[in-house]
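Everything on this sheet refers to the single structure shown next.
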Amino acid sequence: MRLLSLLLLTIFIATGCSSQKKADMTATQIEYSAVSRGLYKQIIVQNQTVSVVNSRGGEATESKIDTAKWNKIVAEFGKVNLDSIPNLKAPTEKRFYDGAAIGNLKITQNQKTYETKGFDNGFPPKEIEKLVNLLTDFTKE
């Protein structure tokens, strides 16, 4: 009887944890922006929807993210350590002399915001590179 109770409790806890992980992504907003004197891009991903703005004061175009791409975003997001985001080091410094726009990644989850320091657009820190590349793909389509 104890063994059966322990087994049921383990299954119940495991099921609760896996559904909580999925719920966390629905309560998450990922925003990427790239800004310079001549460039403005803002990409916001939330609930399998993407919103893209390509110019200052421009209209946002919103679209649904297909399941395959959404699964890639979720997988890469799962690899990101949110607490380390503010401390990520940019691999290049072209933005200091107008050689690149300033990129920024901001993640809001459970009413807490995690934001990178500025980095060169196109050259994100390696820890978030795949996630940022998936986001910037929306402006190429």
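Throughout, read-outs are computed from the coordinates displayed, never taken from laboratory work. In this text, all values refer to a predicted model and were calculated from it rather than measured experimentally. Positions of Cβ are generated from backbone atoms using ideal geometry, with glycine treated the same way; all protein chains shown enter the neighbour counts.
Candidates THR92, SER63, ASN47 compared by Cα position along the dipole of region 26-140: farthest toward the positive end lies THR92, with charges placed on Cβ.
Cα centroids of region 41-61 and region 85-135: 17 Å apart.
Here the extension length gained between ASN54 and THR67 equals 2.3 nm, from 0.36 nm per residue of separation less the Cα-Cα distance. Per-residue Cβ neighbour counts within 10 Å put TYR32, TYR97, TYR114 in the sequence TYR97, TYR114, TYR32, beginning with the fewest.
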